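Enquirer: The structure's right below; bear with me while I get my questions together.
The values are calculated or read from the model by the stated rules, or taken from the named source; none is laboratory data. Model, not experiment: these values are computed from the prediction. Note: ideal-geometry Cβ built from the backbone for every residue, glycine included; neighbour counts use all protein chains shown. For accessibility, only protein heavy atoms count, side chains too; no ligands or nucleic acids. Shrake-Rupley method; radii C 1.70, N 1.55, O 1.52, S 1.80 Å.
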Amino acid sequence: GRATATGLIDIVGEPRHAQGLLMISPVYADGSRDKLRGYAVMVLRTGELIGTIEKNLSEHGIEARIVDLSAKRSNAIVYGPAEAAALARGSLQYTTNLAVAQRTWQIVYTLPASYLVAHSSWQLWLVLAVGLVMTALLGLLLLMIVGRSAKIEQDVAARTIELKNSEL
């Protein structure tokens, strides 16, 4: 009695080649499983559906690839390049699974290292440098305070000895 989806199929009747999937859900009268009235069918064009989302991701340099883990190997790619891109050193990648109408889709988001390098900010390095300088100055100040306290203690000890010697 739950919705189910087909694997990736070619959609017939489209002016251009389109792929998608069918989502099929049984419809019951009065909510009773004994009274099947028919089926509701929805055609999802994956390129249009996911393309809109991917356009927003690509503006930020993120690449997306969706694989249907429930499908046969021949039509497992729901969206994205046919071959998984090799993860370059320094790239970030996040993988998650999504349950879609009794199917499991694996979504892989990739942010290339080249994008990270091109969009790195000097503000981060400036904050780091200022933090290091402030730490060094604080350490120098503490060293001076401790050194002065030690000098005063030495002077007090020397004067105390002088006073004791002069009383004798």
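Enquirer: In segment 1-49, how does Rg compare with the Kirkwood Rh, expressed as the Rg/Rh ratio over alpha carbon atoms?
Expert: On the way: Rg = 13.7 Å, Rh = 12.1 Å.
Rg/Rh: 1.13.
Enquirer: Right, here's the next one. What is the helix-to-structure angle for 122-167, meaning the angle in degrees between its Cα long axis and the longest Cα principal axis of the chain, kept from 0 to 90 and rounded to the nearest 10?
Expert: Approximately 20 degrees, to the nearest ten.
Enquirer: Over the chain, with the other protein chains present, what is the accessible area per residue in square angstrom, probe 1.4 angstrom? Mind dumping the intermediate values first?
Expert: Values: 12920 Å² over 168 residues.
Normalised by residue count, the accessible surface of the chain is 77 Å².
Enquirer: A further question on this structure: To the nearest 10 degrees, how steeply does helix 46-59 sit against the main Cα axis of the chain, on a 0 to 90 scale?
Expert: It is inclined by approximately 20 degrees.
Enquirer: Share of Cα-Cα pairs in segment 102-168 beyond 18 Å, in percent? List each step's numbers first, then the result.
Expert: Details: 1595 of 2211 pairs.
When every Cα pair of segment 102-168 is considered, 72 percent fall beyond 18 Å.
Enquirer: Further question on the same structure: Express the relative contact order of the chain as a whole percentage, based on alpha carbon pairs under 8 Å and six or more residues apart in sequence. Spell out each step's value before the answer.
Expert: Details: 208 pairs, mean separation 27.1, N = 168.
Relative contact order comes out at 16 percent.
Enquirer: Project the alpha carbons of the chain onto their principal axes and report the range along each, largest first, in whole Å.
Expert: 118, 43, 25
Enquirer: Could I ask something else about it? Rounded to the nearest 500, what is the 222 nm mean residue ellipticity of the chain from helices alone, with -39500 (n - 2.57) per DSSP H run of 4+ residues and division by all residues?
Expert: -13500 deg cm²/dmol
Enquirer: So if I place +1 on the C-beta of Lys and Arg and -1 on the C-beta of Asp and Glu, and nothing else carries charge, what would the dipole magnitude of segment 24-168 be about its Cα centre? I want it in debye, nearest 20.
Expert: Its charge dipole is roughly 500 debye.
Enquirer: For segment 35-168, give the percent of accessible area contributed by carbon and sulfur heavy atoms, probe 1.4 Å, rounded to a whole number. Could the numbers behind the result be given before it?
Expert: Details: 6730 of 10650 Å².
The computed percentage sits at 63.
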